[in-house]
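Undergrad: Sharing a structure here in structure tokens format.
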């Protein structure tokens, strides 16, 4: 039996479909708009790609581990509002507020993971419940503390300058002024890829997602892995929420609602299977990149923004069909 | 095994072919005008970036106003909108990157948009704010504001409600974080001379809004007026009042066909019209005047487009205009 050639090995990689998709989408917009491919344009569309990408990577890790987190979107709102309320209503140093928000996020992540592993119920349902509760809490607690539905004045809190430097500053690279979130996104993608492919924990994630019973039988701590994965998405939501709070200095109570499906779509475009056990963090990042390019490519082409969702849906279908075709071809040709 | 390969190749090639075919249209033509040069109207491009949600009837009229002004004056007007403040900021940045000759922005969440608006002003692009955030407009460097003073409009609504005998009013807020809407409710409270209860709903979930209003009415039978701040919400409020079997009168902000037929049928007592068509049309005119002649309008004060009260007396004339999408 001949060893699979380099092309076959390339084709089986989960991120290939997303890479091809990203190149095609980039070419599509870049050919038609000079601004889109200019340094400023690139910096512009990398921005939504980065905040989406950080969440997509964490959600992809969780999906590889076999679970969904529908509360991921609203949790970015919860953490952003926590930062805002603690800093402005309780008048704490911004870093205290950020620390409290992290604890809140990790607690919710732990709750999600614990409920899923304890009850054995589908994570879809458990996190749907958490999502609805957080949606209500975001609105109710914000109104309780501020009498309005927005928390503002975050830039008045002590410690804002350093927080701004870390979460919301701009970096000049190759003539483009990138937001620092892009660099964090690349760092988290690299970190997640290293964890998935080079550490024992990564093996546990693939095993738990592939077949949890078999994994446990060979000694993989499936329960702890699952809880850790939920806490990871929560921590990612904390990072994105803090970035929003520091950047916008004002947070609306309905932030993040609806985004959870987009994270899942980005992860699926990147090659993650809904059934778990297969996928990649780089792929999810490429999926987020496709989203970012589309979101701002449409205004650059002066199209009606209503077409955005149609385009996204078409991209998703194209990507998953292409992924499937390529994998089937690559795996069949191995025999 | 050749079939999947061919399919894949087609899937990749199709969008690229599409891109190649549409290059002629190519919107790489940037306006490139600075505020100082007297630009020819044929070269001007303005960007309108609002916080309207997709398919919101109110913002469709603003869009019609802006695009009609563009047609009438021979100017290219590009309308984009997103309800999320971060994405709205990114759209403003995109407009700045394209070197447009003027930007029209609605400041529903001024803090979140501050950085992007200031960047536009610093890039030499004149900015006009519309609809919300009029009190922060000059601070950000905008050359004018076109809108309705929400407090004044709210007071007008409150006075009208008081005249019709209402005492316990429920004010329905449909956009979280929009200070203008909260100002309307507190203005209404002033005009009415009594406290006004508020109810938060989501414009993107009208059936949910309907049940929320109905349950409020069922839970509190002393509510005798429901004040909605959006025409779509007014329509569901009328249904909610019927669902709850309540006697409350419904008053609305902003017109659409349903509100107009509601007034004609007697289901809605009156509507406060902020004439949002002008909020789309006038800024285009103002930016053209600035680009060609460095004129500003308003003398540092907002250009007010409302409140106009539409009730049973004048609704029939307005009805024809609304069905054309201009009122």
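The values are calculated or read from the model by the stated rules, or taken from the named source; none is laboratory data. Since this is a predicted model, take the numbers as computed values, not measurements. Cβ: placed from backbone, ideal geometry, glycine included. Neighbour counts: every protein chain shown.
Undergrad: When you go through (1) assigned to a helix (DSSP H, G or I); (2) within 12 Å of chain B (Cβ to nearest Cβ); (3) surrounded by 24 or more Cβ atoms within 10 Å (Cβ to Cβ) one by one for residue A:251, which number turns out not to apply?
TA: So residue A:251 meets the others, but not (1).
Undergrad: Moving on to the next point. Give the residue, chosen from B:84, B:93, that is without any contact (Cβ under 8 Å) to a residue 24 or more places away in the chain and out of contact with any strand residue (DSSP E or B) (no Cβ under 8 Å at 6 or more places or on another chain).
TA: B:84
Undergrad: For segment A:1-89, list the helices (runs of 4 or more DSSP H) that sit wholly inside it and hold at least 2 residues that are within 11 Å of chain B (Cβ to nearest Cβ); which are they?
TA: Filter on segment A:1-89 gives A:16-32, A:34-37, A:39-64, A:72-88.
Undergrad: Can you pull out the residues in segment B:289-316 that are in contact with a helix residue (DSSP H, G or I) (Cβ under 6 Å, 6 or more places away or on another chain) and assigned to a helix (DSSP H, G or I)?
TA: Answer for segment B:289-316, where residues must be in contact with a helix residue (DSSP H, G or I) (Cβ under 6 Å, 6 or more places away or on another chain) and assigned to a helix (DSSP H, G or I): just B:315.
Undergrad: On the basis of being in contact (Cβ under 8 Å) with a residue 12 or more places away in the chain and surrounded by fewer than 24 Cβ atoms within 10 Å (Cβ to Cβ), does residue A:81 make the cut?
TA: Working: in contact (Cβ under 8 Å) with a residue 12 or more places away in the chain: yes; surrounded by fewer than 24 Cβ atoms within 10 Å (Cβ to Cβ): no.
Spelling it out, it is not the case that residue A:81 is in contact (Cβ under 8 Å) with a residue 12 or more places away in the chain and surrounded by fewer than 24 Cβ atoms within 10 Å (Cβ to Cβ).
Undergrad: Inspect all residues belonging to segment A:114-134 and state whether any of them is part of a helix (DSSP H, G or I) and within 14 Å of chain B (Cβ to nearest Cβ).
TA: Filtering segment A:114-134 for residues part of a helix (DSSP H, G or I) gives A:114-119, A:123-134.
Among the residues that remain, those that are also within 14 Å of chain B (Cβ to nearest Cβ) are: A:132.
Scanning segment A:114-134 turns up at least one residue that is part of a helix (DSSP H, G or I) and within 14 Å of chain B (Cβ to nearest Cβ).
Undergrad: Can we say residue B:178 is out of contact with any helix residue (DSSP H, G or I) (no Cβ under 9 Å at 6 or more places or on another chain), over 22 Å from residue B:83 (Cβ atoms) and either buried (at least 22 other Cβ atoms within 10 Å of the Cβ) or modelled with pLDDT under 90 (or both)?
TA: Criteria not met by residue B:178.
Undergrad: For segment A:260-311, give me the residue count where each residue is within 14 Å of chain B (Cβ to nearest Cβ), part of a loop (DSSP other than H, G, I, E, B) and out of contact with any strand residue (DSSP E or B) (no Cβ under 7 Å at 6 or more places or on another chain).
TA: 4
Undergrad: Let me spell it out: the conditions are (1) assigned to a helix (DSSP H, G or I); (2) touching a helix residue (DSSP H, G or I) at 6+ places or on another chain (Cβ under 8 Å); (3) at pLDDT below 95, and residue A:178 meets all of them except one. Which number is the exception?
TA: (1)
Undergrad: Does residue B:252 satisfy the condition of being buried (at least 24 other Cβ atoms within 10 Å of the Cβ), at pLDDT 90 or above and under 17 Å from the mean Cα position of the chain (by Cα)?
TA: Answer is yes for this residue.
Undergrad: Sticking with this one: Looking at the structure I just gave you, is residue B:62 at pLDDT 90 or above, within 14 Å of the chain's Cα centre (by Cα) and assigned to a helix (DSSP H, G or I)?
TA: So residue B:62 passes the test.
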